[in-house]
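Below is one structure, written out as structure tokens; the observations come after it.
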Amino acid sequence: MSGEPSSNEGAGGPNAALVVGVVFSTIVALTVIAYTVTVSAVNALAVDLLAYPIAGVAPFVVITGAILTIPIMIPTALISMKRLG
């Protein structure tokens, strides 16, 4: 009330959009790396080594991708809240 900025204002805290963007981008990049490694491992082991048909392995790759996308939002929210709090 004396002209001082409130706790929600001012340059002291990090920019929320920047924190969420950086955290989200980092987690997505790590997820892409994990998905690439998983697909490469499945291809090397199941298709090349064990001679499974690609059509039989494809659902596993799609399900793995779906499972890897589930945890993107939770760490983004938790890390962002910790950085902003």
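Values in this text are rule-based calculations from the coordinates and carry no lab data. Given the structure is predicted, the values throughout are model-derived calculations rather than measurements. Glycine gets a Cβ as well: all are built from the backbone with ideal geometry, and neighbour counts include every protein chain shown.
Ordering of 46-56, 24-34 by packing is 24-34, 46-56, highest average first (other Cβ atoms within 10 Å, averaged per residue). The convex hull of the Cα atoms of the range 46-85, projected and averaged over all directions, covers 3.5 nm².
One decimal place: the segment Leu18-Asp48 gains 6.5 nm when fully extended, by the rule 0.36 nm per residue minus the C-alpha distance.
Spacing of the modelled spin labels on Leu30 and Leu84, each 7 Å from Cα toward Cβ, amounts to 1.9 nm. Between amide H atoms placed 1.01 Å from N, distances below 5 Å from Tyr52 occur with Val47, all of them 5 or more places distant or on a separate chain.
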